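Scroll down for the structure; my scribbles are underneath it.
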Amino acid sequence: MLELKNISFSAENETGEKEILKNINLKIDDSFVVITGPNGGGKSTLAKIIAGIITPVSGQILLDGEDITNLSITERAKKGISFAFQQPVHFKGLTVYDLIGLAAGKEIGINEACDYLSQVGLCARDYINREVNSSLSGGELKRIEIATVLARSSKVSIFDEPEAGIDLWSFGNLIQVFEKMHKSSGGTIIIISHQERILNIADRIVVLGGGELRATGTKEEILPELLGTVDSGCKILADSAKEAK
Amino acid sequence: MNSTELELLQIIADMNASPEGAYNIRANGQLADRHVTENIDIRTKTDSPGIDIIIKPETKGETVHIPVIISETGLNDLVYNDFIIGENADVTIVAGCGIHNCGEKESRHDGIHTFFVGKNAKVKYIEKHYGEGDGNGENNMNPTTVINIAEGGYMEMDTAQIKGIDSTKRVTKARLSDGAALVIRERIMTHGRQTAETDFTVDLDGKNSGANVISRSVARDNSYQRFFSKINGNNLCSGHTECDAIIMDNAKVSAIPEIAANSIDASLIHEAAIGKIAGDQLIKLMTLGLTEKQAEEQIINGFLK
């Protein structure tokens, strides 16, 4: 179980200090959680705080009851937290095979590595020896990024907007990947997403807006209101949108 | 040969005492072992130190190893090796120099390699430089490579200097005829107070000749690297030079790529980049469970692979 207690974060910008997250309290059990909400609402910041990439100004993060607030990225990774970047990193010289091997944390065969790539819809043999650099398209890099998380058996896997940069055709395939992961890993999957189809497979939806927790609940509770936003004016998002301005 | 020497052989030439194909092993300034084949002859020069490697036309798929090892301290070794590669041959040449210097004096190897690549011949040339030692003696190497490629010939040169060479000045000069092509890949890593200078000059004289010079290097500690490359486009030709360096600690790197078009049909590109390891690369690998140090090593190893 992942627990966030009173997490706050602020950053300097031209106009001074901006509060990005305000006192977030959230308990995430073994389940498939989707964090959604308007752009600039603090979703990616929250994800990075969980992975240890950003240190919160205040608050506490607990993993299975253990305080991990002061642990480094590496220590958290070793405790079973994985993070898939929204914008995958390029590496000159490291191949897809190298990266997946590092993710697995042990020597893995070509077949095993290929298996992870196939799961994200890449024809593995074509990619395994390619360098992870700009010769790959954005969508390809994104899928490789997701494959690196698949290769780790994690307690908590965080995906920052996995749909960004992936074409519609492969998207259905990707949802199956997440569903399969959910069943097999037994861990927690946290996805930051705006995609209705991802929201639809969530056990729980968390709405973040203006740096605050707007709502949390099952998809039956949250989804009708979210999807009705355009017609009826969803209160949750309308409030967030107002504050974002 | 003793175990130190065998170990050096393995590192620089990936070979055991008696590899397949033709070979010439030079140890401490002397011929240690030689083997020739029907198609590949190796002869000791009579006018200067060094050897001639003569590869018959149409020789296909053969390999020549010509490693040099130095395990005595204070040895100053200079050789001139000429490679004559016959028409339509397709061969691999593995050269390399390993120094194990346990003493207090400078050990030094200067090799001057001259290639004559025949018409439509194909050569892959692999060269490794490596030094080690537990003494204070310096390991210095100054390899010079002169390349002449005849019509339609092709040469690929992979050169690496990964460890332990205190000072090196590497000079490579190439001249290409019609339809000839040259690819050079250089990898250098310097530590401590080492200095490495590298200097490429390529003359694209022939019509439809082409050259690609790629250098990747990592400079650590207080080391210094200087990369210089010049491609002269003297005809309808294409040339590309690229220098990419990772700088760490207090190291210094300077890159001076030059392209000169002396013909309206010359198409030349140069690229040079120097920078430290990107923070997001480290973070990504750390999210996979690597420590910062391990992440750094992986990035460097990949970069120099």
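When B:THR201 is tested against (1) closer than 24 Å to B:ASN301 by Cβ; (2) β-branched (Val, Ile, Thr); (3) under 15 Å from the mean Cα position of the chain (by Cα), exactly one condition is not met: (1).
Against the test of being buried (at least 18 other Cβ atoms within 10 Å of the Cβ) and either basic (Lys, Arg) or in contact with a Pro (Cβ under 6 Å, 6 or more places away or on another chain) (or both), the options A:ILE24, A:ILE7, A:ILE50 yield a single qualifying residue, A:ILE7.
Filtering segment A:87-109 to residues that are at the interface with chain B (Cβ under 7 Å from one of its Cβ atoms) and more than 10 Å from A:GLU131 (Cβ to Cβ) leaves A:VAL89, A:LEU102, A:ALA103, A:GLY105. Look at (1) buried (at least 16 other Cβ atoms within 10 Å of the Cβ); (2) at positive phi and you find that A:GLY186 fails only one, number (1).
Residues in segment A:31-47 that are surrounded by fewer than 24 Cβ atoms within 10 Å (Cβ to Cβ) and in contact with a Gly (Cβ under 8 Å, 6 or more places away or on another chain): A:PRO38 alone. Going by the conditions given, is B:ILE264 farther than 16 Å from B:ASP249 by Cβ, in a strand (DSSP E or B) and of a type in the set (A, V, I, L, M, F, W, C)? Judged against the criteria, B:ILE264 is not a match.
Test B:THR190 against the stated conditions and say whether it is in contact (Cβ under 8 Å) with a residue 60 or more places away in the chain and in contact with an Asp or Glu (Cβ under 9 Å, 6 or more places away or on another chain).
Working: in contact (Cβ under 8 Å) with a residue 60 or more places away in the chain: yes; in contact with an Asp or Glu (Cβ under 9 Å, 6 or more places away or on another chain): yes.
Considered against the rule, which asks whether it is in contact (Cβ under 8 Å) with a residue 60 or more places away in the chain and in contact with an Asp or Glu (Cβ under 9 Å, 6 or more places away or on another chain), B:THR190 comes out as yes.
Scanning segment B:213-231 for residues that are part of a loop (DSSP other than H, G, I, E, B) and either within 14 Å of chain A (Cβ to nearest Cβ) or basic (Lys, Arg) (or both) turns up at least one hit.
All conditions in (1) under 14 Å from A:THR148 (Cα atoms); (2) assigned to a loop (DSSP other than H, G, I, E, B); (3) away from chain B (no Cβ under 13 Å) hold for A:THR69, with the sole exception of (1).
Is segment B:240-251 home to any residue that is more than 16 Å from B:VAL183 (Cβ to Cβ), surrounded by fewer than 19 Cβ atoms within 10 Å (Cβ to Cβ) and within 11 Å of chain A (Cβ to nearest Cβ)? No, because not a single residue in segment B:240-251 is more than 16 Å from B:VAL183 (Cβ to Cβ), surrounded by fewer than 19 Cβ atoms within 10 Å (Cβ to Cβ) and within 11 Å of chain A (Cβ to nearest Cβ). Scanning segment B:268-280 turns up at least one residue that is within 7 Å of chain A (Cβ to nearest Cβ) and either more than 22 Å from the chain's Cα centre (by Cα) or surrounded by fewer than 16 Cβ atoms within 10 Å (Cβ to Cβ) (or both). Quick check: is even one residue across segment A:80-90 touching a helix residue (DSSP H, G or I) at 6+ places or on another chain (Cβ under 9 Å) and in a helix (DSSP H, G or I)? The answer is no, given that none of the residues of segment A:80-90 is touching a helix residue (DSSP H, G or I) at 6+ places or on another chain (Cβ under 9 Å) and in a helix (DSSP H, G or I).
Bear in mind that the values in this text are calculations on the coordinates, not laboratory data. This one's a predicted model, so the numbers in the text were calculated from it and none came from an experiment. Note that we place each Cβ from the backbone using ideal geometry, even for glycine, and neighbour counts take in every protein chain shown.
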